[in-house]
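If you scroll down you'll find the structure; I have some questions about it.
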């Protein structure tokens, strides 16, 4: 099933046609409320009444032109300006900023976004892509973190290496958004069975909870798996954690 879903995600015909299907739009409305900024802003306002925050992200990756990367930065600057009255954060993929083309240019674009987010008093997340980009993405975060405390990075629970990555980031007092992982990775470097990914997600969460309680880490559990979040919260309760900390 997972391979089928990944194939669907990479199929150009489906990418063009599925968003037009009414049942598909209805099924994902809460998580992907629209294709344009106006629709996303409207959804964020609606969700605010339910005490649900918003995360804005521009889909697409692996840009091959720095002019396109500049357009991505300008788009996010527009998002930040338009969402001042909304409790929202933004998330960007490094390859959207030109990482495949010029690492220095990508970092400069990331710095520019961090400054815009700070000015708007918003949080900036650096998304994690396929495993070929893990080291480079973490390097971007390590370089940016000392000058931008309002920036965090996504880590993927299905990678075996993630526990070491967490440990390596702790001296930075990082912000980590823990996701399960959505790329097709080989079994040599990643868990491939859902039960194993879930187990590692929970183990990583439990590993990080004491650091959260010491205010050395901001942890965001980025999963639609309500049961998994509930299990993680039970561990937090056992440690005496306040609900506002997770």
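The values are calculated or read from the model by the stated rules, or taken from the named source; none is laboratory data. The structure displayed is predicted, hence computed values, not measured ones. All Cβ positions, even for glycine, are placed from backbone atoms using ideal geometry, and neighbour counts span all protein chains on display.
Give 84, 51 a once-over and let me know the one that is under 17 Å from residue 150 (Cα atoms), more than 16 Å from the chain's Cα centre (by Cα), in a loop (DSSP other than H, G, I, E, B) and assigned by TED's automatic domain parsing to the domain that holds residue 150.
Only one candidate qualifies: 84.
Same structure again: Any chance you could count how many residues in the stretch 38-57 are out of contact with any helix residue (DSSP H, G or I) (no Cβ under 6 Å at 6 or more places or on another chain) and within 28 Å of residue 131 (Cβ to Cβ)?
Here the count works out to 2.
Same structure again: Among the listed residues 99, 110, identify the single one that is at pLDDT 95 or above, more than 30 Å from residue 49 (Cα to Cα) and assigned to a helix (DSSP H, G or I).
The unique qualifying residue is 110.
Another question, then. Which pairs turn up if I take residues in the stretch 47-76 that are at negative phi and look for partners that are assigned to a loop (DSSP other than H, G, I, E, B) and surrounded by fewer than 14 Cβ atoms within 10 Å (Cβ to Cβ) with beta carbon separation below 6 Å, at least 6 apart in sequence or on another chain?
That search, which allows pairs on different chains as well, returns 53/87.
A follow-up question, please. Among the candidates 109, 62, which residue alone is loosely packed, with under 15 Cβ neighbours inside 10 Å, more than 18 Å from residue 36 (Cβ to Cβ) and in contact with a helix residue (DSSP H, G or I) (Cβ under 6 Å, 6 or more places away or on another chain)?
Answer to the check: 62.
Has the stretch 147-166 got any residue that is assigned to a helix (DSSP H, G or I), exposed (fewer than 14 other Cβ atoms within 10 Å of the Cβ) and assigned by TED's automatic domain parsing to the domain that holds residue 115?
Checked against the condition, which is being assigned to a helix (DSSP H, G or I), exposed (fewer than 14 other Cβ atoms within 10 Å of the Cβ) and assigned by TED's automatic domain parsing to the domain that holds residue 115, the stretch 147-166 yields at least one hit.
Right, something else. Name the single residue, out of those in the stretch 159-193 being more than 19 Å from the chain's Cα centre (by Cα) and touching a residue at least 40 places away in the same chain (Cβ under 8 Å), that is nearest to residue 246 (Cα to Cα).
Within the stretch 159-193, the match that is nearest to residue 246 (Cα to Cα) is 192.
If I filter the stretch 200-232 down to residues being in contact (Cβ under 8 Å) with a residue 60 or more places away in the chain and assigned to a loop (DSSP other than H, G, I, E, B), which single residue comes out as surrounded by the fewest Cβ atoms within 10 Å (Cβ to Cβ)?
Once the filter is applied, the top-ranked residue is 224.
State all residues of the stretch 112-135 that are in contact (Cβ under 8 Å) with a residue 40 or more places away in the chain, more than 26 Å from residue 85 (Cβ to Cβ) and surrounded by 17 or more Cβ atoms within 10 Å (Cβ to Cβ); if no residue qualifies, say none.
128, 129, 131 - these are the residues of the stretch 112-135 that are in contact (Cβ under 8 Å) with a residue 40 or more places away in the chain, more than 26 Å from residue 85 (Cβ to Cβ) and surrounded by 17 or more Cβ atoms within 10 Å (Cβ to Cβ).
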